[in-house]
1. Can you tell me which residues in region 52-77 are open to solvent by 60 Å² or more (accessible area, probe 1.4 Å), closer than 20 Å to residue 132 by Cα and polar (S, T, N, Q)?
2. Does residue 38 satisfy the condition of being closer than 21 Å to residue 96 by Cα and out of contact with any Cys (no Cβ under 7 Å at 6 or more places or on another chain)?
3. Tally the residues that are under 17 Å from residue 53 (Cβ atoms) and assigned to a loop (DSSP other than H, G, I, E, B), restricting the search to region 104-134.
4. When the residues of region 42-60 are filtered to those that are of a type outside the set (A, V, I, L, M, F, W, C) and either part of a helix (DSSP H, G or I) or at pLDDT below 95 (or both), which remaining residue is nearest to the chain's Cα centre (by Cα)?
5. Just give me the residues in region 117-148 being modelled with pLDDT under 95 and not polar (S, T, N, Q), in sequence order.
6. Looking at the structure I just gave you, is residue 97 farther than 22 Å from residue 51 by Cβ, surrounded by 18 or more Cβ atoms within 10 Å (Cβ to Cβ) and of a type in the set (A, V, I, L, M, F, W, C)?
7. Condition (residue is closer than 23 Å to residue 32 by Cα, of a type in the set (Lys, Arg) and either open to solvent by less than 70 Å² (accessible area, probe 1.4 Å) or touching a residue at least 12 places away in the same chain (Cβ under 8 Å) (or both)) applied to region 127-146: is it met by at least one residue?
8. In region 1-41, which strands (runs of 3 or more DSSP E) lie fully inside it and hold 1 or more residues that are within 30 Å of residue 59 (Cβ to Cβ) and either of a type in the set (Lys, Arg) or touching a Ser or Thr at 6+ places or on another chain (Cβ under 7 Å) (or both)?
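The values are calculated or read from the model by the stated rules, or taken from the named source; none is laboratory data. Predicted, not measured: the structure shown is a model, and the values here were computed from it. Methodologically, a virtual Cβ is constructed for each residue, glycine included, from the backbone with ideal geometry; neighbour enumeration extends over all protein chains shown. Accessible surface areas use protein heavy atoms only, side chains included; no ligands, DNA or RNA. Shrake-Rupley method; radii C 1.70, N 1.55, O 1.52, S 1.80 Å.
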Amino acid sequence: NKTFIHVRLFHTLGVPDRQSSLISQLYKSYCDSTVLGLSTCEQFRDYIYLSDAVDGIIRISNIDTSEIINLGSGSKIQLKELIKIFWDQLDAPADLLDFGAHKRPDHEPVQPLCYASLDKLKKLTNWQPSITIEEGISRTIDELRRRS
């Protein structure tokens, strides 16, 4: 007589806790005006803005049946495109990004297109995330600047 809900949370976008995170490294490179060496960044990800993720978890917690539920934006973005949007919103010089400086290790598999199907989330909660990737990046940058 227990309800178990497993939430598959996709990548979150917001101010990171780790200095090694991509967002932290990008912002540090921007602030220090130093070149950031990156991979080719051709993989795709599904990013959900942090406040949407929190809202989704709260809504999911009200479900009274055992479920496995995806929590993401429901769309994919190439990592390189995410970085370019972030960089453009900072109005940072393009020559500080070095795409291809790091190669994918031979033992690392090629990653498939990965994004969340939100069908079950919408059906069970009558809700879906609303913050676009551009708005999420803008909010993240605003918060990073506020904290600096």
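1. 75
2. Details: closer than 21 Å to residue 96 by Cα: yes; out of contact with any Cys (no Cβ under 7 Å at 6 or more places or on another chain): yes.
Taking the combined requirement at face value, the residue satisfies it.
3. Selection size over region 104-134: 11.
4. Looking at residues that are of a type outside the set (A, V, I, L, M, F, W, C) and either part of a helix (DSSP H, G or I) or at pLDDT below 95 (or both), I get 45.
5. Going through region 117-148, the residues modelled with pLDDT under 95 turn out to be 147-148.
The one that is modelled with pLDDT under 95 and not polar (S, T, N, Q): 147.
6. Details: farther than 22 Å from residue 51 by Cβ: yes; surrounded by 18 or more Cβ atoms within 10 Å (Cβ to Cβ): yes; of a type in the set (A, V, I, L, M, F, W, C): yes.
It is true that residue 97 is farther than 22 Å from residue 51 by Cβ, surrounded by 18 or more Cβ atoms within 10 Å (Cβ to Cβ) and of a type in the set (A, V, I, L, M, F, W, C).
7. Taking every residue of region 127-146 in turn, at least one turns out to be closer than 23 Å to residue 32 by Cα, of a type in the set (Lys, Arg) and either open to solvent by less than 70 Å² (accessible area, probe 1.4 Å) or touching a residue at least 12 places away in the same chain (Cβ under 8 Å) (or both).
8. On the way: elements: 5-9, 11-13, 36-38.
It comes to 5-9, 11-13.
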